[in-house]
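Report on the following structure.
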DNA sequence: GTAACTGCAAACGCTTTGCACCAAG
DNA sequence: CTTGGTGCAAAGCGTTTGCAGTTAC
């Protein structure tokens, strides 16, 4: 059930070693409630682990991404953020003010997909959906 | 009804001049059935207009994007492609083999959005959806 | 002990900027 | 004629690579 243990097991099974810079990166990504750019992640990790290099961040992100443990979060101007991966039919819903992200289930997209398939003649095999809005804390209070 | 005329009018109304490199770029983007990266677009335009510079491509794309005439197409590894913009509730459906894109209407996403809003407490004000698949020409023929 | 990982510095590639000249309106 | 646009060259910036030393296992 512990996400960190799961990630570490998967990394080790794929021949990766768990070093202390790598553990610090994993902790930071898992603890983050929002998408992070590599440089942003680097700064966060450096607080707990001052000697770390940006290159290590990039290399660790590569491995996490190729294992499907993290995913890119796409933004209007560039798509450099990463975040712990959605599972199954889940998609991100991102707060445009504070960046906080939650996951929601997109199951009923299947109706839309079948309609589009018969209209277009395409065979759809992947989809990609993100919602943007304001999280409860960032909504203007009424009154 | 002619898309090119519409773009040119909008560009002129916003204070832009229609130069011959710019016209060549517009032609190429409008004629393309697929998303194009800046460098790819540059090469295409250069065939018809050999003297053109890559910088002109970038600057023209900036203007087209800020007028909402083109949009970024997001891809797995980076989001550098642009394509003529979707209108209203339309979204892209991209062929993963040949890149050909068609637009489909995503109206009925509103049901999903209301469900997600009540589950999450977020106020959703934007969404972003792309489908990926095989276009009719790229599907393996049966037999 | 071996192979993977690290940090540094340098290289890389896409994108942006500065500039002098050019051309649309 | 005015002002925006052009192409070139150089700068900028995020990302990747080469390498010698280090560390997990």
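The values are calculated or read from the model by the stated rules, or taken from the named source; none is laboratory data. These figures come from a predicted structure and were not determined experimentally. Cβ placement follows ideal geometry from the backbone for every residue including glycine, while neighbour counts extend to all protein chains displayed.
Numbers below:
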quantity: The one condition in (1) part of a strand (DSSP E or B); (2) at positive phi that residue A:15 fails to fulfil; calculated: (1)
quantity: Scan of the stretch B:12-29 for residues that are away from DNA strand C (no atom under 11 Å from the Cβ) and surrounded by 15 or more Cβ atoms within 10 Å (Cβ to Cβ), ordered by number; calculated: B:24, B:25, B:26, B:27, B:28, B:29
quantity: Check on residue B:9, surrounded by fewer than 19 Cβ atoms within 10 Å (Cβ to Cβ), away from DNA strand D (no atom under 14 Å from the Cβ) and modelled with pLDDT of 95 or more; calculated: yes
quantity: Hits in the stretch B:45-57 (condition: surrounded by 15 or more Cβ atoms within 10 Å (Cβ to Cβ) and near DNA strand C (Cβ under 10 Å from one of its atoms)); calculated: B:56, B:57
quantity: Leading residue by the ranking (nearest to residue A:77 (Cα to Cα)) among those in the stretch B:77-126 that are more than 9 Å from chain A (Cβ to nearest Cβ) and in a helix (DSSP H, G or I); calculated: B:110
quantity: All positions within the stretch A:25-76 that are away from DNA strand D (no atom under 13 Å from the Cβ), closer than 20 Å to residue A:3 by Cα, touching a strand residue (DSSP E or B) at 6+ places or on another chain (Cβ under 9 Å) and within 14 Å of chain B (Cβ to nearest Cβ); calculated: A:33, A:34, A:70, A:71
quantity: Scan of the stretch A:37-76 for residues that are assigned to a strand (DSSP E or B) and touching a helix residue (DSSP H, G or I) at 6+ places or on another chain (Cβ under 7 Å), ordered by number; calculated: A:70
quantity: Qualifying residue in the stretch B:90-108 (condition: more than 11 Å from DNA strand D (Cβ to nearest atom), without any contact (Cβ under 8 Å) to a residue 12 or more places away in the chain, more than 18 Å from residue B:3 (Cα to Cα) and in contact with a strand residue (DSSP E or B) (Cβ under 6 Å, 6 or more places away or on another chain)); calculated: no
quantity: Lone unmet requirement of (1) more than 25 Å from residue B:111 (Cα to Cα); (2) over 15 Å from the mean Cα position of the chain (by Cα); (3) crowded, with 18+ Cβ neighbours inside 10 Å for residue A:133; calculated: (1)
